[in-house]
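Asks: Next up is a structure, given as structure tokens.
The values are calculated or read from the model by the stated rules, or taken from the named source; none is laboratory data. Nothing here was measured: the structure is a model prediction, and the numbers come from that model. Here the Cβ positions follow ideal geometry from the backbone for every residue, glycine too, while neighbour counts run over all protein chains shown.
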Amino acid sequence: MKKGIHPEGYRMVVFKDTSNEHMFLTRSAAPTKETILWEDGKEYPVIKVEISNTSHPFYTGKSMFVDTAGRIEKFKNRYAKKTTK
């Protein structure tokens with residue numbers, strides 16, 4: 001590994017999938033101010049994610065509709081403008 005390009009301060013962090021409440025514990029250097037009580041009784045920082053391996057269609061084999069902050073509408077509006085020209 002090259003020196004000086006990797007983040008410092010790795011620590012144990014809980015990632016929480018907000019679409020199905022699945023959580024997993026791993027190491028990360030990502031910043032967060034929220035914490036959560038884990039299964040081992042310790043409190044860890046928590047990072048909320050919208051999609052994880054338990055909710056992603058590639059892993060589940062199911063199609064799932066996720067519209068975050070109206071992204072689909074934004075795309076449709078942008079596409080509609082280009083096709084009318």
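Asks: Take segment 41-52 and flag every residue that is part of a strand (DSSP E or B) and of a type in the set (D, E, K, R). Full working, then the answer.
Replies: Keep residues of segment 41-52 that are part of a strand (DSSP E or B), which gives 43-49.
Of everything in segment 41-52, those that are part of a strand (DSSP E or B) and of a type in the set (D, E, K, R) turn out to be E43, K48.
Asks: I need the full set of residues from segment 1-40 which are touching a residue at least 24 places away in the same chain (Cβ under 8 Å) and either of a type outside the set (K, R) or part of a loop (DSSP other than H, G, I, E, B) (or both), in order please.
Replies: Scanning segment 1-40 gives M12, V13, V14, F15, D17, T18, S19, N20, H22, F24, W38.
Asks: Something else about it: Scan segment 7-29 for residues that are modelled with pLDDT under 90 and either of a type in the set (V, I, T) or surrounded by fewer than 14 Cβ atoms within 10 Å (Cβ to Cβ) (or both) and jot them down.
Replies: The answer is P7, E8, G9, T18, N20, E21.
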